[in-house]
Structures are given as structure tokens and as C-alpha cells.
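The values are calculated or read from the model by the stated rules, or taken from the named source; none is laboratory data. It should be emphasised that the depicted structure is a prediction, and the values quoted were computed from it without experimental measurement. All Cβ positions, even for glycine, are placed from backbone atoms using ideal geometry, and neighbour counts span all protein chains on display. Heads up: the accessible areas ignore ligands, DNA and RNA and are worked out on the full protein's heavy atoms, side chains in. Shrake-Rupley method; radii C 1.70, N 1.55, O 1.52, S 1.80 Å.
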Amino acid sequence: MTDVDAAAVSRRGILAAPAALALAGAVPAAQAQPAPPAPAPAHVLGGGGSGEIFHTVETRYGRVQGIANGTIKEFKGVPYGAPTGGAHRFMPPRPPQPWSGVLECIGYRPISPQTPADLRSDYAMLIMWDRHVGCGGMGEDVLTLNIWTPGVNDNARRPVMVSFHGGGWETGSGNAPGYDGAQLASFGDAVVVTVNHRLSSFGYLDLASVGAPPEFASAGVTGVMDMVASLEWVRDNIAAFGGDPGKVMIFGQSGGGAKTSALMGTPAAAGLFHRAAVQSGSMLRFASREQGERNARALLAAAGIPASRAADLQKLSWQALLAAQVQAASTPGVSFTPVLDGKYLTQNPFDPVAPSATANVPMIISTTLEDAALRLTNFNLDEGGLQALMAQRFGPSGAEGLALYRARYPKKSPFLVQAQAFTDATARRNATLQAERKAALNAAPAYLYLWAWPTPAFSGKFGAVHGIDVSASFHNYRDGTVDVGTQPGRLMCDRLASAWVAFARTGDPNCEAIPHWAPYN
């Protein structure tokens with residue numbers, strides 16, 4: 001791995017390890033993507049510019065109306081599935097009911113029930129995680145997607161970039177500001193799609209494990225079924241939005257990376273996408289049936305419903321189910337994630353090996369240098385405290401490990417050394433294992449990157465924290481995590497988004513904006 005001058009902020013970025021991508025400092029700024037156009041004149045800042053403002057597209061279920069934003073056409077809240085409440089709660093997704101007339105798709109629609117982010121968390125404020133609940137409300141009519149495209153009904157066959165949002169399996173939405181696809185669609189001449197689906201107990205409550213009636217057999221995997229249904233919708237409808245159903249890239253960060261990992265190992269998803277990118281979310285295993293049973297019993301107890309009447313959970317309001325979910329999740333070890341049910345999900349996605357059904361799907365796999373900083377708040381940690389933490393976490397080898405970090409990063413704050421060490425032992429370990437197992441198939445390649453450019457937000461205390469590369473992958477250079485449009489942040493957006501678009505278009509991220517990136521081996 002090559003060291004980078006910490007003072008040269010514009011040169012800091014994705015560091016190089018053997019067979020990993022190097023973006024920082026390897027290419028002069030002049031060789032990156034051309035500078036974005038000058039700001040639009042005042043008379044078009046608030047509208048769609050010249051030409052048609054509203055656009056109508058025919059889908060298999062009916063016509064939808066979107067709105068132009070400059071050169072990009074936006075369609076928000078397009079249904080790919082029917083409502084999931086009442087008797088349809090915990091059930092596999094159903095196609096949307098066809099409609100007559102034109103469905104207005106100009107504003108976001110509800111997201112899966114969840115708790116808001118804590119306003120006291122600087123990290124939550126950094127990534128604007130409190131904004132989800134204000135982008136369309138909540139409910140159980142959540143099987144919708146959002147589309148940004150340069151053109152409709154034009155047979156353009158653009159690459160399609162489908163994002164699955166972060167937030168673990170519990171929170172988040174495709175409606176959030178950080179996933180706005182307008183800039184990426186414009187920058188890359190691509191169709192960008194974000195997806196909403198069921199979360200937590202609404203999508204991953206394994207009622208079959210507690211003896212629920214047979215119709216609940218899929219309750220532990222319905223959220224994954226939702227995502228597969230969204231990709232089926234893309235396959236069947238995206239051509240009318242200017243996209244190529246034969247060039248679909250799925251990607252996501254954190255929980256979105258876990259979802260992408262899961263889809264790589266989901267038999268029903270094979271053939272629905274052709275490239276995949278995992279950002280700080282390399283999930284190797286699904287939850288076991290034993291874990292699923294423990295989680296289901298905890299929720300039933302919180303709801304005051306015996307296992308023999310598990311079907312009564314369908315009678316609760318979504319608010320009551322969310323409250324029971326929160327109470328159950330306060331028990332250590334209880335969380336609601338996809339369950340290896342042996343029927344829909346038949347193997348762990350990347351353990352002990354990578355999935356063979358998607359062997360021909362190339363992957364990008366990544367972490368950020370200080371991913372683990374998202375859960376750490378001991379910003380005033382001193383060197384003595386760091387030594388104690390390393391010994392507590394790593395035992396006798398902690399002191400030796402700390403000496404190696406200090407030899408390489410003598411001026412790095414104890415907080416950030418701690419974050420990097422904890423990342424190396426967890427998320428980075430899983431990412432490396434995922435890349436190794438993908439490469440071992442000797443089929444489509446895996447490309448590994450490490451993002452080391454630190455966010456300057458909050459006085460730089462978070463370093464290259466979890467999620468800092470999301471804005472760059474969406475070319476959202478105005479996002480505060482990349483310093484709101486400054487030259488260094490914009491350059492990093494140009495570089496990663498260029499690789500993203502090249503990968504979506506060809507299956508190879510190499511392009512003029514970055515140095516040569518060899519596959520992992």
C-alpha cells in the first residue's frame with residue numbers, strides 16, 4: 001500500500017494495495033473527467049429548463065408521469081408491488097394492481113416503518129440519516145422505486161444502476177437525499193434506480209420457525225423477495241425509461257452492500273443483474289433458523305402474542321408492530337435479517353465459497369479506512385486509552401499491532417487509529433474474504449478498493465468514515481460528506497463516479513479518470 005501526503009487533501013482518496021484500486025494522487029486533476037458545466041442561469045434554476053416538463057411512460061401496469069429536472073427526467077414512487085399490510089403482511093410480494101389513466105410519480109411515497117436517527121449523533125447528522133422519515137412518510141405500501149433518466153421512450157439502451165439503500169436491514173430508504181440519482185444519471189448518461197422494500201420484522205420475521213401456519217413459510221425472507229421483485233420490474237419495464245435490461249448493475253453501501261451480497265447468493269435473482277458493487281457491506285452469511293426462531297419469539301413476547309397465535313401479528317397496526325420490534329431488539333443478540341430458510345435462500349452468500357450461480361457477474365468490493373468510526377464516540381481518546389483498548393480487543397498481540405500502526409501513522413489521532421484497527425479486524429476482513437472467494441471461482445473478476453480520503457466535516461474528526469464514498473458513487477458533490485462542492489471533494493466524485501459508470505456499462509471499472517485497476521487475485 002502506498003502512503004499519501006496527508007497535507008495534500010486534493011490528492012487523498014482511494015489508496016493502493018496489491019491488486020486494489022489507487023485513485024489518490026495517481027492521476028493529475030487535469031486527467032479526470034471534464035469539469036462540470038457552469039451553474040445554470042437564474043431563470044432555469046427552479047424548473048425543468050426548456051422543452052417538455054412532464055413525461056409519461058407506459059409500464060406493464062399502467063402509465064406513469066414524471067417531471068423534468070434540467071436534462072434529467074425523474075419518476076418517484078413508481079409501484080413495483082402491491083401493498084403489504086393486513087393479510088398481506090409477512091407474505092411474498094404481489095404485482096401491483098394495474099391502473100387506468102396516468103399515475104403521478106413526482107413525489108416520494110411511504111417507506112418501511114422504522115425509528116428515526118438520534119439527533120444527538122454527529123455521525124447521523126453527517127450522513128443526514130434523520131431525513132428518511134420525512135421523505136414520503138411511513139406505511140406498508142412501500143414496494144416502490146425511484147428513477148432518474150436522461151431520456152424516455154428513446155431506445156437509448158443506457159446502463160441501469162440499481163441502488164439498494166444502507167441502514168442495515170432495519171432503517172433507511174431509497175428516498176433519502178444521499179441516494180438522489182439525478183447527478184449520476186446526468187454525469188454518466190445512465191438510468192439510476194433506487195428501491196424501497198420491507199425492513200426488519202416487516203421483512204425478516206421467521207414465523208415458520210415458531211410453528212406459524214404454512215402460509216407464513218416465507219416470512220423470514222420477504223424483504224429479499226421484494227428486492228428480487230424490483231429487479232424483475234426493472235427487467236420488464238426499464239427499456240421504456242431509456243435503460244438496457246441487459247446491463248443492470250446493483251450496488252449498495254453498508255446495509256445496501258449486505259443486500260447486494262445477499263442477492264449474489266439468491267437463486268431467484270440470478271440473471272436479473274449483470275454487475276454488482278459492495279461498499280462496506282460484505283455479508284458472508286445469512287441468519288440461521290435458530291437465530292430466526294429466537295428473534296421471532298422475542299417479538300411475539302414483546303407484542304404479547306403467544307406463538308400458537310402468531311398469525312394475530314397481522315391484526316396489529318404497523319405502529320404497534322414497530323413498537324414491539326423496538327422492544328424485542330433491545331434484547332442482546334436480537335435483530336431481524338434474512339434467514340437461511342433452505343427453500344428461497346438455499347446457501348450462505350459467501351461462506352464457505354462464493355455463489356456459483358452468479359459466477360459470471362463481476363464485482364467491486366470496498367471498505368473505507370476508518371469504517372468503524374461510525375459507532376465510536378470516544379473522540380478524546382488518548383494514547384494510554386488506545387493502548388488499553390488494543391489490549392482489551394486483541395489480547396497480547398494488541399501492543400505489537402499498535403506499534404505497527406504507529407510506525408506507519410505516527411501523527412494519526414488515537415481515535416482514528418482505534419477506528420482503523422477495529423475496521424481491519426471486521427469489515428475489512430470480510431471484504432477481503434469476499435474478494436478472495438469471488439476470485440477463487442476463476443470466472444468474472446472482483447475489483448477491490450480502499451477509500452482513504454477523509455471527510456472534512458465536523459472538523460475532520462471522523463476520518464474516512466463509513467459511508468463517505470456514497471456521495472462520490474452518486475456524484476453528489478454538494479453533499480456535506482464531500483465538503484459541499486469544493487475542488488477536492490468534487491474531484492473524488494468525478495473519479496469514483498467515472499469508475500462506477502464504466503463498470504455499469506462494460507463490467508470493467510477502468511477509465512481515463514483513474515489509473516489502471518487490476519482485478520483482485
Highest to lowest packing among 267-274, 206-213, 140-147, 219-226, scored as the average C-beta count within 10 Å: 219-226, 140-147, 206-213, 267-274
DSSP-loop trypsin sites (Lys or Arg not before Pro) across region 362-449, with at most 14 other Cβ within 10 angstrom: LYS411
ASP130-ARG94 pseudo-label distance in nm [points 7 Å out on the Cα-to-Cβ vector]: 3.9 nm
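ASP508 to ASN155: extension gain in nm, 0.36 nm per residue of separation minus the Cα-Cα distance?
That works out to 124.7 nm of additional length.
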Residue-normalised accessible area of the chain, expressed per residue, 1.4 Å probe, Å²: 38 Å²
Accessible-area composition of region 120-253, carbon plus sulfur, in percent [1.4 Å probe]: 46 percent
Positive-pole candidate from ILE250, SER209, VAL102, dipole of the chain, charges at beta carbon: SER209
Mean-position separation - Cα centroids, region 112-179 and region 502-521, in angstrom: 27 Å
Label point distance in nm, THR56-ARG393, each placed 7 Å from Cα along Cα→Cβ: 5.8 nm
³J(HN,Hα) computed for each position of region 226-232 - Karplus, 6.51 cos²θ - 1.76 cosθ + 1.60, integer Hz, glycine/proline x: 4, 5, 5, 4, 5, 6, 5
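Can you compute the charge dipole magnitude of the chain about its Cα centre, using +1 on each Lys and Arg Cβ and -1 on each Asp and Glu Cβ, nothing else charged? Give it in debye, rounded to the nearest 20. Show your work: numbers first, answer last.
Working: 40 positive and 39 negative charges, 72 e Å.
For the chain, the charge dipole is close to 340 debye.
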Karplus-derived 3J(HN,Hα), 6.51/-1.76/1.60, for each residue of region 494-510, Hz, glycine and proline x: 4, 5, 6, 5, 4, 5, 4, 5, 4, 5, 4, 7, 10, x, 10, x, 5
Distance between modelled label sites at THR486 and ALA518, nm, 7 Å Cα→Cβ extension: 3.4 nm
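Could you pull out the trypsin sites (Lys or Arg not before Pro) across region 80-185 that fall in loop regions by DSSP (anything but H, G, I, E, B) with no more than 15 other Cβ atoms inside 10 Å?
On the way: sites: ARG89, ARG120, ARG131, ARG157; in loops: ARG89, ARG120, ARG157.
Hits after loop and neighbour filter: ARG120, ARG157.
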From the coordinates shown, Cα Rg over 2.2 N^0.38 Å corresponds to which of [x] 1.02; [y] 0.95; [z] 1.15: [y]
